[in-house]
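This report concerns only the one structure given below.
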Amino acid sequence: MFVVDASVPERVEIGATGVRSVLQQVRMVLTTVRGSVPLDRTFGLSLTFLDRPLPHAMAEYTGEVVAQVQAQVPGVRVERVEFVPDRDGAVDGRLYPVVTVSIEGVEPSASRRETR
């Protein structure tokens, strides 16, 4: 299994291939607001959970992550969604997902944490 941590900024690698490419696609879904991509307005996450109480927001955000990552990145299955505690952003209500995924056709022994 592989872990993508949306709380850590990462540069896009042009020409990425294999597992690196798939993880980069997952990160793009997690960090893109639906409606912000001009030729694909359905790409990314809907932010309908904004301004909800934290437990409700986390539940809705988790569902949105699972649905959209699995729909928009072929061959990926979301195994777990957790949230990074953000002490600095807690007052602002920031939530950063840490998503564990498995990739079809990639052996579990080859799994690793996403490199930063």
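The values are calculated or read from the model by the stated rules, or taken from the named source; none is laboratory data. In this text, all values refer to a predicted model and were calculated from it rather than measured experimentally. Cβ coordinates were reconstructed from backbone atoms using ideal geometry, including for glycine residues, and neighbour counts include every protein chain displayed.
Numbers for the structure displayed
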quantity: Given (1) farther than 27 Å from V106 by Cβ; (2) within 16 Å of the chain's Cα centre (by Cα); (3) of a type in the set (K, R), index of the condition R11 fails; calculated: (1)
quantity: Search result, residues across region 40-49 that are loosely packed, with under 11 Cβ neighbours inside 10 Å and aliphatic (A, V, I, L, M); calculated: none
quantity: Boolean, S21 is farther than 24 Å from G105 by Cα and hydroxyl-bearing (S, T, Y); calculated: no
quantity: Qualifying strands (runs of 3 or more DSSP E) (wholly inside region 1-115; at least 2 residues being among the charged types (D, E, K, R) and modelled with pLDDT of 90 or more); calculated: 76-84
quantity: Selection status of V37, under 24 Å from E10 (Cβ atoms) and surrounded by fewer than 15 Cβ atoms within 10 Å (Cβ to Cβ); calculated: yes
quantity: Test: V84 is surrounded by fewer than 17 Cβ atoms within 10 Å (Cβ to Cβ), farther than 15 Å from A6 by Cβ and touching a Phe, Trp or Tyr at 6+ places or on another chain (Cβ under 6 Å); calculated: no
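Condition check ((1) on the phi > 0 side of the Ramachandran plot; (2) among the acidic types (D, E); (3) exposed (fewer than 14 other Cβ atoms within 10 Å of the Cβ)) across all residues:
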residue: I14; (1), (2), (3): no, no, yes
residue: V19; (1), (2), (3): no, no, no
residue: V26; (1), (2), (3): no, no, no
residue: P55; (1), (2), (3): no, no, yes
residue: E60; (1), (2), (3): no, yes, no
